[in-house]
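Notes to accompany the following structure.
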Amino acid sequence: MEEGCLPEDLQEGQVKVRTRFLSVDPYMRCRLNEDTGTSYLLPWQVSSVVDGGGVGVVEESKHQMFRKCDVVTSFSWPWQSQAIVDGKILTKLDPELVDGHLSHFLGVVGMPGLTSLLGVREKGHVKPGTNQTMVVSGAAGACGMLAGQISRLEGCSRVVGICGTDEKCRVLVCEIGFDAAINYKKDNIAEKLQEYCPDGVDSYFDNVGGEISNTVISQMNKNSHIILCGQISQYNKDVPYPPTLPPHTEGILKERNITRERFIVLNYSDKYDTGLVQLSQWLKEGKLKVRETVVKGLENIGAAFQSMMKGGNIGKQIVLVSEG
């Protein structure tokens, strides 16, 4: 942590913002590498301010699109309590979309929500009335929790989550509406999947990769689909993304004609606006239930990131930087 002063005068096109909320997400682990492994993510630079998803309020503006008190967001928000940024990186928000709950712009009505919605719609091949089963790994995280609920809203008849604690399992089933949840740290995943998915798995929203995903894939049906959203179990390893599968698992994909295409939400920017309106509507109607894990204080953002990577959060991990 460093303390510093901002310039007193803004340049043309600049905006001074006060940070309300910051987001920590699994993809940020890749930005800690010298090479992120992908063209759309730049590595964080040593001795430079870290950035990521953020929401805040305009305090002063020399950009024609923004005025004082506007609520704004950016994917490149600096980890600072206040900042002067180029107005080009900001997007103006309508607090009505989230009933004033601004942190939801970093979760359910933000990139995790869009990732879940468009992932299910574009790669899940869900067809209402066909008795499909969806399995979600990392199910108690920001995307997983939403992906399970959206799968149901889109027409899946059975939704099963995989997560890492009994408390998370309870939340998924009793509060969020999953049909069943598996604790991968203590349950036999293969046996539980056979019990909870007696007709096999039709779609798999994969947030974790590794051995968990190999086990799920072994129970997937012919012509089923993997929504390849994340591989958090592999992010600390020096492997290509997405990591290659073991020969046996690769053989199952080919034999059963299972699709496994990398899903990148940035490729669907033309669907963001309608997607956010849909997510906002479901949220206001109570059809999407939201959980957040909130840590207060910019000085605690490193600990929040570390905790999230270890599964310490239920729902979206948020850092509250300033009140009101």
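For the stretch 137-176, taking the residues that are in contact with a strand residue (DSSP E or B) (Cβ under 8 Å, 6 or more places away or on another chain) and assigned to a loop (DSSP other than H, G, I, E, B), the one that is nearest to C229 (Cα to Cα) is identified as G138. Taking the stretch 296-324 as the region of interest, how many residues are touching a strand residue (DSSP E or B) at 6+ places or on another chain (Cβ under 7 Å), crowded, with 16+ Cβ neighbours inside 10 Å and either among the charged types (D, E, K, R) or within 12 Å of A142 (Cα to Cα) (or both)? Count: 7. Just name the residue that is farthest from S322 (Cα to Cα) out of those in the stretch 77-113 that are assigned to a strand (DSSP E or B) and of a type in the set (S, T, N, Q). Across the stretch 77-113, the extreme among qualifying residues is T91. Across the stretch 184-215, the qualifying residues are those that are small (G, A, S) and part of a helix (DSSP H, G or I), and the one among them that is farthest from the chain's Cα centre (by Cα) is A190. Filtering T19, T36, T73 for residues that are hydroxyl-bearing (S, T, Y) and assigned to a loop (DSSP other than H, G, I, E, B) leaves a single hit, T36.
Would you confirm whether any residue within the stretch 115-127 is farther than 26 Å from I264 by Cβ and surrounded by fewer than 24 Cβ atoms within 10 Å (Cβ to Cβ)? So far as the stretch 115-127 goes, no, none of its residues is farther than 26 Å from I264 by Cβ and surrounded by fewer than 24 Cβ atoms within 10 Å (Cβ to Cβ).
Quick grid of which residues meet (1) under 25 Å from N131 (Cβ atoms); (2) not β-branched (V, I, T):
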residue	(1), (2)
C169	yes, yes
D202	yes, yes
Q231	no, yes
E250	no, yes
R256	yes, yes
V265	no, no
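Evaluating Q132 against the criteria (1) in contact with a helix residue (DSSP H, G or I) (Cβ under 8 Å, 6 or more places away or on another chain); (2) touching a residue at least 40 places away in the same chain (Cβ under 8 Å); (3) more than 20 Å from V24 (Cα to Cα) leaves one unmet condition, (1).
Read-outs throughout are calculated quantities, based only on the coordinates presented, and are distinct from any laboratory measurement. Computed from a prediction, not measured in an experiment: that's the story for all the values here. Heads up, the Cβs are rebuilt from the backbone with ideal geometry, glycines too, and the neighbour counts pull from every protein chain shown.
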